[in-house]
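The structure appears right after this line, and notes come after that.
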């Protein structure tokens, strides 16, 4: 699971840049259209949680405790919930929320495997 955490962390940090730029563009579009949507703001929150999850994933990849996996479940799970709940006209946000959901599920798998090995 060390390799997964490293790859997941690096990809999440790289995707943070794309998600934040897309979210800014979606937020400007929502403001100019005055359509009352908040998908740009939801995207910024997802991007920040994705960045935090990537950093935690890289920082805890060699730890044997379960705290890092629990933090990953919370960060990526919260990002997935916010992303799926608020994507609106910014439909790419569902893709980024899907990535966060995959990471949260894999963190659950890592937590269960760590518990089984102990």
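The values are calculated or read from the model by the stated rules, or taken from the named source; none is laboratory data. Everything numeric in this text was worked out from a predicted model, so none of it was measured. FYI the Cβ positions are ideal-geometry reconstructions off the backbone, even for glycines, and counts take in every protein chain you see.
May I ask you to say which residue of 8, 41 is surrounded by 19 or more Cβ atoms within 10 Å (Cβ to Cβ) and either out of contact with any helix residue (DSSP H, G or I) (no Cβ under 8 Å at 6 or more places or on another chain) or at pLDDT below 95 (or both)?
The conditions single out 8.
For residue 89, which of the numbered conditions (1) surrounded by fewer than 22 Cβ atoms within 10 Å (Cβ to Cβ); (2) touching a helix residue (DSSP H, G or I) at 6+ places or on another chain (Cβ under 9 Å); (3) assigned to a helix (DSSP H, G or I); (4) touching a residue at least 60 places away in the same chain (Cβ under 8 Å) fails to hold?
(3) is the only condition that residue 89 fails.
Can you tell me which residue among 46, 74, 17, 56 is exposed (fewer than 13 other Cβ atoms within 10 Å of the Cβ) and under 14 Å from the mean Cα position of the chain (by Cα)?
Of 46, 74, 17, 56, the one residue that is exposed (fewer than 13 other Cβ atoms within 10 Å of the Cβ) and under 14 Å from the mean Cα position of the chain (by Cα) is 17.
Quick one: would you say residue 30 is within 20 Å of residue 85 (Cα to Cα), modelled with pLDDT under 90 and not in a loop (DSSP other than H, G, I, E, B)?
yes
With the requirement that a residue be in contact (Cβ under 8 Å) with a residue 12 or more places away in the chain, within 16 Å of residue 6 (Cα to Cα) and assigned to a loop (DSSP other than H, G, I, E, B), what does region 38-78 give you?
Result: 60, 61, 62, 64.
Within region 21-32, does at least one residue satisfy the condition of being within 10 Å of the chain's Cα centre (by Cα) and under 25 Å from residue 90 (Cβ atoms)?
No, that holds for no residue.
Looking at (1) farther than 17 Å from residue 2 by Cβ; (2) exposed (fewer than 15 other Cβ atoms within 10 Å of the Cβ); (3) touching a residue at least 60 places away in the same chain (Cβ under 8 Å), which is the only condition residue 35 fails?
With respect to (1) farther than 17 Å from residue 2 by Cβ; (2) exposed (fewer than 15 other Cβ atoms within 10 Å of the Cβ); (3) touching a residue at least 60 places away in the same chain (Cβ under 8 Å), residue 35 is out only on (3).
Residue check: is residue 3 under 15 Å from the mean Cα position of the chain (by Cα) and either outside any helix (DSSP H, G or I) or under 23 Å from residue 56 (Cα atoms) (or both)?
Spelling it out, it is not the case that residue 3 is under 15 Å from the mean Cα position of the chain (by Cα) and either outside any helix (DSSP H, G or I) or under 23 Å from residue 56 (Cα atoms) (or both).
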